[in-house]
Amino acid sequence: MAITSDQLIFPGRVSFDTLSCIILAMKRIVRRIIAAFISLLLVSLAVFALVSFSSGDSSAHVLAEDASPEAVQAYREAMGLDDPFFLRYLGFMRSFFSGRWGESVSGAAVSDLILHRIPVTLSLTLVSLVLSLLIALPLSLVPLKRRSASGMAVTAFAALSAACPLFLSSLLLIIVFSVLLGLFPVAGYIPLSRSLSGWLSSVFLPSLSLAILHSSLYIMVLRRALKEGMESKPALVYASFGMRRNAIARSAAARPALPVMTMLTAETLASSLAGSAVVETVFALPGAGSLLVDAALSRDVTLAGTIVLLCAVMTIIFSLLSEAVVFLLDPRERRGK
Amino acid sequence: MRSRHGAAAGICIIALLLIFSVIFCGEDAVDTARRLLPPSLSEPFGTDTLGRSLIVRTAGGTLISMGIGFAASFLSVAAGTAAAFCFSLPRFPKSVLLSLSDALKSVPPILLALFLASLSGPGIPKLIIAISVPHIADIARTSYAKVKALRNEGFIEAERSLGAGRARIFMRHMLPHLMPYLSLQGVTVFLSAVISESTLSFLGCGVSVPSPSLGAILAEARPVILSAPWAALFPAAVLLLLSLSLEVIALSLSESDASSHGTGEGELVGVAELSADGKS
């Protein structure tokens, strides 16, 4: 009996009750959203507690050093610092979700500060995502055998780039490509609206240093997933039926690796603010990450707290999205197994 | 075998770095008459912009890095394991703590450290907490999953029927099974602590200024990096050596962790079963 490759790829394509599947999916989605809300509640509570815990300091920073106790008291009342904790938390959350994020120590509106800086961080994140996939995908596909020289070279690259602190690789890239070769500007940002090539050259090196770091993670996870897939039972069955190696790799290794890659991508996207804090500072780019560093250096609690809370919200949303994508990609998840 | 050589080499390099830093660390006196001296026999690493001996500062920075790394990895492994044990107790509010740990994981350590630094200035204890917190959450969750899987094993059942208490079962019979995972996590946290500490100190939000730190030394060397490359070269090399050897140890540990699952003969049986299914 001839067996087509389609039958091999989808051996167990059974029809299942669509309705029960939808109910199952709805249940899971509702449960995940509730969990996400609890996480958000806890993070915001922690951030708010820490911010308000130290906001006694903010009066010390804003007012003159020899301010009278009455002036401090008036300031605290004006800022609503004397209300009960829970009331202040509710007010804080309401203004957070309506975009009124208060004023920074320097007096500028926090929302303006952050919104001005988002485009830089967004460009860095997207360009570095593209670059890291461009680096990681081809490198993950070189021979997966244990003792091959090229495979070991790829592992060595991944280990080196995972161990190298981001600021060190950024400095190295600046010295080699900007100072010695003069290919890219040393620092500064050119908006996309002004010129495409200028934007790309100002964003390329910072993104490359982020991409080198992220690609190491992709390479390690993807290589392990592919290797496990190629050694799995389905792969052996396909091989014993005489399927080509490339076809086996596609169906038994690449497809099962997709959910893991999705989750990893969501994680790197969500934590990209941490990386861009470093890279933006080294390359002197006006992004949200360097804003957080400035806030930390100038003890700007409101600004730092808002950025951290935004980052947490983003992480929670990204993890929800990635779970939804995995749900769509993985038939086993859909059937609730 | 190869993976064990890797781990041994990594541990040797870290031991050598530790010996180096203990021998050379000491007082770093500011001496503006000796600014930016190139490496020589009396000053093997040269001097920095304030005339301080770089070998002394590098050694001190390495020592601080290792101390923070050790503290963070000890704290996160101990607290993570303790949390996993608490989760396995009945009537423990684990769903609350699990969502709390999810919440903690949603802020990367560097951002958490920057936020804490904005509250009341940078400092080593805050650094250790910021680095450990996300890892504690991770370790607690994974070890709890492993504990839950172990609970149904025969040898645990046997122990329980002999009347062993929860704590005894956990310490004597479950912990050894968690050890490969925990030691891997310990090294991973160490590496992440070394990298985070140097990064934060480079940004100016890590170890406070007068005490030496590899990141701070590199930040000070950055403006003069072309005229005095040695001011950055040696500290960077030490930092890279430290993190790379930790990475090698972590890689070899993860390899031995994975190879313990055992693949090989089992596959053939699997094929026989699968093809039998296909025909029916």
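The values are calculated or read from the model by the stated rules, or taken from the named source; none is laboratory data. Note that the structure is predicted; figures quoted are calculated from it, not measured. Counting neighbours? That spans all protein chains shown, and the Cβs are built from the backbone with ideal geometry, glycine included.
Some values worked out for this structure:
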| item | result |
| --- | --- |
| Qualifying residue in segment B:183-194 (condition: of a type in the set (S, T, N, Q), under 21 Å from A:G289 (Cα atoms) and in contact (Cβ under 8 Å) with a residue 60 or more places away in the chain) | yes |
| Which listed residue is closer than 20 Å to B:L251 by Cα, part of a helix (DSSP H, G or I) and either touching a Leu at 6+ places or on another chain (Cβ under 8 Å) or modelled with pLDDT under 90 (or both), from A:L213, A:L144 | A:L213 |
| Subset of segment B:147-163 [in contact (Cβ under 8 Å) with a residue 40 or more places away in the chain and surrounded by 15 or more Cβ atoms within 10 Å (Cβ to Cβ)] | B:V147 |
| Meets criteria (touching a Ser or Thr at 6+ places or on another chain (Cβ under 6 Å) and buried (at least 18 other Cβ atoms within 10 Å of the Cβ)) for B:P134 | no |
| Count of segment B:110-128 residues which are more than 11 Å from chain A (Cβ to nearest Cβ) and surrounded by fewer than 18 Cβ atoms within 10 Å (Cβ to Cβ) | 3 |
| Residue in segment A:245-254 that is at negative phi, at the interface with chain B (Cβ under 10 Å from one of its Cβ atoms) and aliphatic (A, V, I, L, M) present | no |
| Among (1) touching a residue at least 12 places away in the same chain (Cβ under 8 Å); (2) away from chain A (no Cβ under 12 Å), the one test that B:C205 misses | (2) |
| Set A:G198, A:G229, A:G242: member being without any contact (Cβ under 8 Å) to a residue 60 or more places away in the chain and on the phi > 0 side of the Ramachandran plot | A:G242 |
| Pair list, Cβ < 6 Å and 6+ apart or interchain, from segment A:268-292 residues that are within 11 Å of another protein chain (Cβ to nearest Cβ) to residues that are of a type in the set (F, W, Y) and part of a helix (DSSP H, G or I) | A:A270/A:F318; A:V278/A:F167; A:V282/A:F167 |
| Segment B:33-92, subset hydroxyl-bearing (S, T, Y) and assigned to a helix (DSSP H, G or I), residue nearest to B:L239 (Cα to Cα) | B:T62 |
| Residue ID - surrounded by the fewest Cβ atoms within 10 Å (Cβ to Cβ), chosen from residues in segment A:174-186 that are touching a helix residue (DSSP H, G or I) at 6+ places or on another chain (Cβ under 8 Å) and within 13 Å of chain B (Cβ to nearest Cβ) | A:V186 |
| Qualifying residues in segment B:208-217 (those that are of a type outside the set (S, T, Y) and buried (at least 24 other Cβ atoms within 10 Å of the Cβ)) - the one nearest to the other protein chains (Cβ to nearest Cβ) | B:G215 |
| Test: residue in segment B:170-192 that is not in a helix (DSSP H, G or I) and not β-branched (V, I, T) | no |
| Segment B:199-240: number of residues that are part of a helix (DSSP H, G or I) and of a type in the set (V, I, T) | 4 |
| Unique match (being of a type in the set (S, T, Y), crowded, with 24+ Cβ neighbours inside 10 Å and either in contact (Cβ under 8 Å) with a residue 40 or more places away in the chain or within 8 Å of chain B (Cβ to nearest Cβ) (or both)) among A:T315, A:T302 | A:T315 |
| Some residue of segment B:96-108 being among the small types (G, A, S), assigned to a helix (DSSP H, G or I) and touching a residue at least 24 places away in the same chain (Cβ under 8 Å) | yes |
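This table checks each residue for (1) in contact with a Ser or Thr (Cβ under 6 Å, 6 or more places away or on another chain); (2) among the charged types (D, E, K, R); (3) in contact (Cβ under 8 Å) with a residue 60 or more places away in the chain.
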residue: B:R57; (1), (2), (3): no, yes, yes
residue: B:G60; (1), (2), (3): no, no, yes
residue: B:L63; (1), (2), (3): yes, no, no
residue: B:G67; (1), (2), (3): no, no, no
residue: B:L75; (1), (2), (3): yes, no, yes
residue: B:A82; (1), (2), (3): no, no, no
residue: B:F87; (1), (2), (3): no, no, yes
residue: B:R91; (1), (2), (3): no, yes, no
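Okay, residues lined up against (1) assigned to a helix (DSSP H, G or I); (2) within 30 Å of B:G215 (Cβ to Cβ); (3) among the aromatic types (F, W, Y):
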{"residue": "B:L114", "(1), (2), (3)": "yes, yes, no"}
{"residue": "B:S118", "(1), (2), (3)": "yes, yes, no"}
{"residue": "B:K126", "(1), (2), (3)": "yes, yes, no"}
{"residue": "B:T142", "(1), (2), (3)": "yes, yes, no"}
{"residue": "B:A149", "(1), (2), (3)": "yes, no, no"}
{"residue": "B:F155", "(1), (2), (3)": "yes, no, yes"}
